[in-house]
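Take a look at the structure set out below.
The values are calculated or read from the model by the stated rules, or taken from the named source; none is laboratory data. Only a predicted model underlies this, so the values are computations on that prediction, with no experimental measurement involved. All Cβ positions, even for glycine, are placed from backbone atoms using ideal geometry, and neighbour counts span all protein chains on display. We work out accessible area using only protein heavy atoms, side chains counted, and drop any ligands, DNA or RNA first. Shrake-Rupley method; radii C 1.70, N 1.55, O 1.52, S 1.80 Å.
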Amino acid sequence: MSLLLLAAAAGGGEPSFIVEPLGIARAGAWLRVRVASCDLPLTAACWLTLRDGRGAVLDRTELALPPDGEAWAVLQPAELGDGRLWLTAELRWSLPGLPPQQLLRELPIATPPAALAEAAATVQRLRERTSPARDPLPWLWAEQIADLTLGPPSHWAVERLSTLAARLQQWLAQPGPAARAGFWQVSAFYDPVDQSVQPLWLALPPGSGPHPLVLLLGSEPAASKAAWQPPPAARVQPLLAAGLAVLVPYPAGDAGWRGAARRRLPLAIAHAARLAPLDLQRGCCLAAEGVEDPPYPRLALDAEPAACLQALAPARDPPALAAWWAGEPFALVVGSAEHRAAVAANRRLAEGLRAAYAAHAHAIIELHDDRGDPAELSARHLVLLGNPRSHRWLRAWRLALPWVWDHRQAQHRDGRRFLRSEQPLLILRARAPDGRPLWILDGAPPEAWDLRLPETP
């Protein structure tokens, strides 16, 4: 929290004091305030009053401020009023032979509602001004703001919210590259498969390049894009000193780098190469042992720069993944035909799948309805939630599937059968009439999705 210096002339000197709120104001929580005397020659009385934007007093306290010392006060607003809080600091003292002296100033106090309102207004300005198809970085900030609003209004969250809103405001005033955070450069790119925005951190060594590349692949999932931080500077500085560029891709929820995070690695590398002069034919990965098929030779996470320089090699082709989310852009289309129970079952499956993908890939998938036209999604692979009785597109296409559904049960051509009310999740692979790959999911969502999410059996 920034300091406010309150000063006024008293007699021949210039007495002053410092008021420092520590933290943010929350309803029912303590707000600590430090008051410090700079050069008062005597003990003075200080009143601190917390008001909202309408002038309503939320709390008030009095303290004695010793000369050349400091005092602490605690305010506890029962509620935040209109969310726009102001702290009034009033200092009174008197010297012999002089009239009473007084200093009176006000300063704003951060609150979760005020920070959220400012951030929301800034994001709305972004939406009105730009399209998500343009620079992804401000849209990353907008998503990080949304992440922060879902958690508790801690001091860190409110400060982070205000920082992101300030970055957005600066970008709206003058669109362009973001400033570096120390030697780190934060950037973002679009994932064409799920249309999400994904962040990365990039640090460059001295010199004009092109620089060999080190990928740092952490072994822990990210809690959110808002909370994701780069590795400590002490870990990266030796790599930079050895002339190596350091790229830290975002793991999302895929800490093993086996699914969406692995698929995005070539996207992150290509984006980094657009930002800086990199030699992509010389690279290595610092990753945990469980990481499979990394783009470059893998070394331990704590490998020394000398080992990295010896292991540099060209990138390998990424592994082929059979999942519906692994290659081309996809669309989830929810069946809304048949009776109410079938429609509700399809919707539960779709919401469960969307939540699982969000936890895995940190991307929100749009749900489409089978009352739409398949031609509108002609550029995407299709994932259909339902069966030929509960999904209009499947009913119209009359595909040759190994399962047959009636109003009561699902039966396989090999004799297996389930009551539809007790049917486990079935995953079928087929092709749409126009030749597009097609996945069909029907049944109850599992209690926990696999890290790779549904694939063709």
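Structural remarks
- Computed label-point distance, nm, for sites residue 227 and residue 124 using a 7 Å Cα→Cβ extension: 2.9
- In the chain, helical runs assigned H by DSSP with n ≥ 4 each contribute -39500 (n - 2.57); averaged across all residues and rounded to the nearest 500, the mean residue ellipticity at 222 nm is -8000 deg cm²/dmol.
- Amide H to amide H distances under 5 Å link residue 381 with 330, 331, where only residues 5 or more positions off or on other chains count and H is placed in the peptide plane.
- Backbone N under 14 Å from the residue 307 label point (7 Å along Cα→Cβ), restricted to the range 231-257: 239
- For the chain, the per residue solvent-accessible surface stands at 47 Å², with DNA, RNA and ligands left out and a 1.4 Å probe.
- Residue 30 versus residue 407: modelled label distance in nm, points set 7 Å from Cα along the beta carbon direction: 6.8
- Carbon/sulfur fraction of accessible area - the chain, other protein chains in place, 1.4 Å, %: 54
- With the simple spin-label model, which puts each label point 7 Å out from Cα in the Cβ direction, the residue 316 to residue 373 separation comes to 4.6 nm.
- Long-range amide H partners of residue 201 with built H, under 5 Å: 248
- Among (1) 80, 45, 43; (2) 105, 61, 37; (3) 81, 51, 47, the entry that matches Cα extents along the principal axes in Å as calculated here: (2)
- Restriction of the trypsin sites (Lys or Arg not before Pro) in the range 96-165 to DSSP coil positions whose beta-carbon has at most 13 other beta-carbons within 10 angstrom yields 134.
- Largest-first ordering by accessible area, 1.4 Å probe, given options 35, 343: 343, 35
- Bridges between two residues of the chain, per DSSP, are antiparallel at a rate of about 75%.
- Extension gain, residue 289 back to residue 364 (0.36 nm per residue minus Cα-Cα distance, nm): 24.0 nm
- Computed about the Cα centre, the dipole magnitude for the range 28-93 is approximately 140 debye when only Lys and Arg (+1) and Asp and Glu (-1) carry charge, each at its Cβ.
- When peptides 347-353, 280-286 are sorted by average Cβ neighbour count within 10 Å, with the highest value leading, the order is 280-286, 347-353.
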